[in-house]
Amino acid sequence: MDGTQAALPSAAQLPGRGAKISLVDLEKRFEGVGAVRGISLEIGSGEFLTLLGPSGSGKTTTLMMIAGFETPTDGDIAIDGHSVIGLPPHKRNIGMVFQNYALFPHLTVAENIGFPLKQRGVDRATRTRMVADSLAMVRLPGYEARYPRQLSGGQQQRVALARAIVFQPRLLLMDEPLGALDKQLRESLQLEMRRLHADLGITFVYVTHDQEEALTMSDRIAVVNEGRIAQLGRPEELYDRPSSRFVASFIGESNFLSGVVRGMEEGLVVADCSGTTVHALAAEPLLIGTEVTLTTRPERMRFADTAFPLTGRQNRVRATVTEAMFAGERCRYLLRGEDGAAIVLKEPSGAGTRRRAVGEATEIAWSVADTVVV
Amino acid sequence: MSDAAVITDIPLVRTFPVRPFRHTGAVLLVGPLVLFMVVFYALPVLAMLARSVTEPSLSLANFTRLAHDSVFLHVFGTTLRTAVAVTVGTLLLGYPVALAMSRMRPNAAKLVLVIVLLPFWTSILVRSYAWMVLLGRHGLINEALLAAGVLDTPLRLLNTPIAVHVAMIHIMLPYMILPLSSVLRQIDAALPRAAASLGATQWGVFRQVVLPLSMPGVVAGTLLVFVLSLGFYITPALVGGPRDLMLSQLIAQQVDLLNWSYAACLSATLLAATLLLLALCQMVPGVRGAFRLGVR
């Protein structure tokens, strides 16, 4: 890498290619109103961590504090063990991709990508080579002389990505980078970002409100709500074992049944839901008589008489079909339980499944292992 | 009534080609002003300009004489020098204000805008007299400096080029600040942030991102102030000295002396200089695109 490493010392001296980040009791208040209200989070070197939450949850503010554009009201941010509070953004050596790309309209693609290198005193020849390398990395070779306005949205985002990684930062922050793109393009860029993450080995912190995007891309997801982390975990953990009603409904679709605890049995909660006994997983033993909400995913439910039986212990409830919708790969049924609760059931479509008619009385079943107390 | 009829007819004749009707409507809407401008502005101006080549006889003699006219050359030099000084002055004083406005919260920016525009609501004549009061031999500035013991004898401020520059910069500032702030405000706030995240210092962000993106405003403000300064009359007449005559004053003088052909000739020269400047600006690379960028 000849003269380049000398200009970019941080990448060579530290262990691992990605930065380790610690957020400690991070708080941010705007005129007394708390936007971030105590976020603590350890992000490992080379991890792809997503901050997922609805708008106004504080996820972007958290990202902006890591980048240095907002100063925390309280708490600490450490990158590779060193507090960066008080370090201006231009000294943090963090790559950042913005929602609307933020490409400089008066500069060509090459000048845009060369911008961080120029700030670091990289000579022109090295710059040209590194710009070409990073354009190849985002699969836009030969686009050097174009201006941003001559590129499509997807291409602009690739250039923004190339610009954010060309100076070999140890940390890349992304603020809803795919928000302005259409669905197909978003999906192909998601794959590319995963690939880029694997190739570069640097730490990614990704902000999105799109739960599907978060589930597909992340190593771990921090679900942020009202300025706090509602749950932190791998995508599967969050999806299969949501710890709160908010997480269960924000990530994917969920059915909620309310019931009263009747007892514990082999580590499972036995609950009475309007006369029907339902078993569920619980993080901790619950007292008899406690009112609980049980949750399960619509696609984990089956009609009890279906040709694809479930294995293991099951919960069963009687219900009536109130709505049936065909949605291509699956059928979506809206049912009403005997207690009046609305239940959504998703069944894979195919020749082997019988379409249910509205008004049909039926019984639905699902695994106890797919039932969680929230 | 016929105008109204045409306009209300449009929805009814939708099955027929609508374009000719629209066209007629547009002509009728713009027509009165065009007629007014032709009769009361364009024709008189042309008639006046024509005098520069028709009196006393049909020739360019007036213009060739002008090239060797030492009074004209002196006045033309003063005019150009003043316009350049005023333009540079307003740019240097106005840019920081416009930049600050673009970074303020909307309400604060509005307040500053009102303060910037405040002089607009006072007549130029009044403002020029105000400067006379301030700069005079026994004006506020001299009296204050004398009282403070900084000076023994009053400074000669009024009727000097300095007075003309100061007063004109004051009057021209809004013309510079308005286009600048409107362009600066349009710059996406994410761009300076992106530049900072990429390692640019505050000065680097300004020099490499904000300044180049504000060039449309700089060009527009500079042109506006320069062109207005070239033809400025009242302020130089009131606060300037007898030896710092501006072109418009010379023209007025000649009109007073009923020296119509000379006045017409000077006017034509001023107009030509202005148009030439605008044409040159169009040829500067980037400026034309810059104007387009300003519109988005």
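The values are calculated or read from the model by the stated rules, or taken from the named source; none is laboratory data. Since we're looking at a predicted model, the values are computed, not measured. Neighbour counts are summed over all protein chains in view; Cβ atoms, including those assigned to glycine, are modelled from backbone coordinates with ideal geometry. Ligands, DNA and RNA are stripped out before the accessible areas are found, and what is left, the full protein with its side chains, is counted by its heavy atoms. Shrake-Rupley method; radii C 1.70, N 1.55, O 1.52, S 1.80 Å.
The table that follows gives values for the structure above.
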read-out: Two-site label geometry, A:VAL24 and A:ALA341: point separation in nm, points 7 Å out along Cα→Cβ; value: 4.4 nm
read-out: Whole-Å distance, taken between Cα centres, linking the range B:177-245 and the range B:123-149; value: 29 Å
read-out: For the pair B and A, total buried accessible area rounded to nearest 100 Å², probe 1.4 Å; value: 1700 Å²
read-out: Förster radius 51 Å - calculated FRET efficiency between A:GLU42 and B:HIS138, Cβ distance, rounded to 0.05; value: 0.10
read-out: Dipole of chain A, positive end: most advanced residue of A:GLY46, A:ALA198, A:LEU135 [Cβ charges, Cα centre]; value: A:LEU135
read-out: Three-way shape call for the protein assembly as shown based on the alpha-carbon gyration tensor, with the a/c threshold at 1.5; value: prolate
read-out: Total lysine pairs whose alpha carbons fall under 19 Å of each other in the protein assembly as shown (8 or more apart, or interchain); value: 4
read-out: Which of A:VAL247, A:LEU215, A:VAL261, positive extreme of dipole for the range A:194-262 (C-beta unit charges); value: A:VAL261
read-out: Relative contact order (%) - chain B, alpha-carbon pairs under 8 angstrom, separation at least six; value: 25 percent
read-out: Residue among A:ASP219, A:ASP123, A:ASP210 with the largest mean-square fluctuation in a Gaussian network model of chain A, springs linking Cα atoms under 10 Å; value: A:ASP123
read-out: Cα-centre dipole for the range A:155-196 with unit charges at Cβ (Lys and Arg positive, Asp and Glu negative), debye to 20; value: 180 debye
read-out: Rounded percent of accessible protein surface that carbon and sulfur make up, the range B:71-129, 1.4 Å probe; value: 77 percent
read-out: Of the DSSP H helices in chain B, those whose Cα atoms cover at least 15 Å axially and whose Kyte score averages -0.5 or more; value: B:19-37, B:43-54, B:70-103, B:106-117, B:124-135, B:161-186, B:215-230, B:260-283
read-out: Exposure ranking of A:ASP339, B:ASP188, A:ASP80, A:ASP175 by accessible area [1.4 Å probe, largest first]; value: A:ASP339, B:ASP188, A:ASP80, A:ASP175
read-out: Overall form of chain A per C-alpha gyration tensor (a/c, 1.5; a/b vs b/c); value: prolate
read-out: Accessible-area composition of chain A, carbon plus sulfur, in percent [1.4 Å probe]; value: 50 percent
read-out: For the range A:96-113, 3J(HN,Hα) per residue [Karplus equation, 6.51 cos²θ - 1.76 cosθ + 1.60, θ = phi - 60°, Hz, x = Gly/Pro]; value: 9, 10, 9, 4, 9, 6, 6, 7, 6, x, 8, 10, 6, 4, 5, 5, 4, 6
read-out: Two-site label geometry, B:ARG65 and A:ALA351: point separation in nm, points 7 Å out along Cα→Cβ; value: 10.6 nm
read-out: Förster radius 56 Å - calculated FRET efficiency between A:ALA125 and B:TYR233, Cβ distance, rounded to 0.05; value: 0.45
read-out: For the range B:71-294, with +1 on Lys and Arg beta carbons and -1 on Asp and Glu, the positive-most of B:PRO216, B:HIS170, B:PHE120 along the dipole; value: B:PRO216
read-out: Helix axis angle, A:124-137 relative to chain A longest principal axis, alpha carbon, degrees; value: 20 degrees
read-out: Most mobile of B:TRP131, B:TRP203, B:TRP260 in a GNM of chain B (Cα contacts under 10 Å); value: B:TRP203
read-out: Given charges at beta-carbon only (K, R positive; D, E negative), |dipole| of the range A:107-191 in Debye; value: 220 debye
read-out: Accessible area per residue, Å², chain B with all protein chains present, probe 1.4 Å; value: 58 Å²
read-out: Length-normalised contact order of chain A in % [C-alpha pairs under 8 Å, at least 6 apart]; value: 15 percent
read-out: Dipole magnitude (debye, nearest 20) for chain A, charges at Cβ of Lys, Arg, Asp, Glu; value: 1060 debye
read-out: Prolate/oblate/rounded call for chain B, Cα gyration tensor, a/c under 1.5 rounded; value: oblate
read-out: GNM result for chain B, Cα springs below 10 Å: residue of B:THR78, B:THR64, B:THR87 fluctuating most strongly; value: B:THR64
read-out: Neighbourhood net charge (11 Å Cβ-Cβ; Lys/Arg +1, Asp/Glu -1) for A:ASN112; value: +1
read-out: Nitroxide proxy distance, nm - points 7 Å out along Cα→Cβ at A:LEU334 and B:MET48; value: 7.6 nm
